[in-house]
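Colleague: Input: one structure, supplied below.
Readers should treat all values here as calculations from the given coordinates under stated rules, not as data from a laboratory. Bear in mind the structure is a predicted one, so any value in this text is a computation, not a measurement. Note that we place each Cβ from the backbone using ideal geometry, even for glycine, and neighbour counts take in every protein chain shown.
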Amino acid sequence: DTGVSQDPRHKITKRGQNVTFRCDPISEHNRLYWYRQTLGQGPEFLTYFQNEAQLEKSRLLSDRFSAERPKGSFSTLEIQRTEQGDSAMYLCASSLTSSDEQFFGPGTRLTVL
Amino acid sequence: QKEVEQNSGPLSVPEGAIASLNCTYSDRVSQSFFWYRQYSGKSPELIMSIYSNGDKEDGRFTAQLNKASQYVSLLIRDSQPSDSATYLCAVNEDSNYQLIWGAGTKLIIKP
């Protein structure tokens, strides 16, 4: 399978714990995006990388959220001190630099108890 | 604030009929327009992209773009029960990486 992959697919955690999600983009795609989606809403943009450079992070929801893409391949999204309001689907997408068509992974569903 | 508006539905269409989904956007400089399909509990799947005024056809799907009126639509011909899903409209400025999303229209195809 050469699509975008995300791990884990589901995560249940207790309030106050830290969680980290991983995204592996389509191999030739150098742009990578993180979104959050809650029920009944469209995806909400969080951050964006071109290769290893994080070009936009002002939309990260708070300073508890951070993302990395250290070698320009896979990326991680970390949420520190989780809150119940962080419960959502976290989506990763990738695209070619030459195209703005974004392709999504299966998502990570986070439940904060 | 840039916005993308869609009727939330549900839109109910008989099997075999044409389903018509509409989307309006607020930013006149928007250049790229996308339709995604999302099944319940799954991630969005790209169906169509359109960049120029007029129609673009791909199989049973036709995207229509009218930049003067700031709307984009998706027609699904010969609707099938498997087309039942939420359809998301997304819009991008030419120089902007960020897609602006509608909340989606829920489509139900009745056998």
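Colleague: Have a look at B:S12, B:S79, B:N22 and report the one farthest towards the positive end of the charge dipole of chain B, computed about the Cα centre with Cβ charges (Lys/Arg +1, Asp/Glu -1).
Modeller: About the Cα centre, the residue reaching furthest to the positive side is B:S12.
Colleague: State which stretch of chain A is the longest one without any exposed trypsin sites (Lys or Arg not before Pro), exposure meaning a DSSP loop state and at most 14 other Cβ atoms within 10 Å.
Modeller: It works out to A:16-56.
Colleague: Provide the per-residue ³J(HN,Hα) series for the stretch A:96-110, in order, calculated from phi with Karplus coefficients 6.51, -1.76, 1.60 and θ = phi - 60°, each as a whole number of Hz, with x at glycine and proline positions.
Modeller: 6, 4, 7, 9, 9, 6, 9, 10, 9, x, x, x, 10, 8, 9
Colleague: In addition: To the nearest 0.05, what FRET efficiency results for A:R9 and B:A68 with a Förster distance of 41 Å applied to their C-beta separation?
Modeller: E between A:R9 and B:A68, to the nearest 0.05, is 0.40.
Colleague: Here's something else I'd like to know. Which of the listed residues, A:G40, A:A53, A:C92, is farthest toward the dipole's positive end in chain A, when Lys, Arg count +1 and Asp, Glu count -1 at the beta-carbon?
Modeller: Value: A:G40.
Colleague: How shielded is B:43-49 by partner chains, expressed as the average number of their Cβ atoms within 10 Å of its Cβ atoms?
Modeller: What the average comes to for B:43-49 is 5.
Colleague: For the stretch A:30-35, take each phi angle, set θ = phi - 60°, evaluate the Karplus expression 6.51 cos²θ - 1.76 cosθ + 1.60, and give the result in whole Hz per residue in order, putting x for glycine and proline.
Modeller: In residue order, the calculated couplings are 9, 9, 9, 10, 10, 10 Hz.
Colleague: What are the ³J(HN,Hα) values, in whole Hz, obtained from phi via the Karplus relation 6.51 cos²θ - 1.76 cosθ + 1.60 with θ = phi - 60°, for each residue of the stretch B:48-53 in sequence order, with x given for Gly and Pro?
Modeller: Karplus values, whole Hz, x for Gly and Pro: 8, 10, 9, 10, 10, 4.
Colleague: With charges set only on the Cβ (+1 for Lys and Arg, -1 for Asp and Glu), what does the dipole of the protein assembly as shown come to about its Cα centre, in debye to the nearest 20?
Modeller: Roughly 680 debye, rounded to the nearest 20.
Colleague: If I stretch the segment between B:I108 and B:S26 completely, what's the gain in nm (0.36 nm per residue apart, minus their alpha carbon distance), one decimal?
Modeller: Length gained between B:I108 and B:S26: 26.8 nm.
Colleague: Give the calculated FRET efficiency between A:R22 and B:E57 to the nearest 0.05, with a Förster radius of 30 Å applied to their Cβ-Cβ distance.
Modeller: Using R0 = 30 Å, I get an efficiency of 0.20.
Colleague: Please list the non-local residues whose amide H lies under 5 Å from the amide H of A:V4, H modeled 1.01 Å from N, same-chain partners needing a gap of 5 or more.
Modeller: A:I26
Colleague: On to the next question. Within 10 Å of each Cβ in peptide A:29-41, how many partner chain Cβ atoms are there on average? Round it to a whole number, please.
Modeller: Shielding by partners across A:29-41 averages 2.
Colleague: Nothing charged except the Cβ atoms of Lys and Arg (+1) and of Asp and Glu (-1): what's the magnitude of the dipole of the stretch B:1-80 about its Cα centre? Round to the nearest 20 debye.
Modeller: 140 debye
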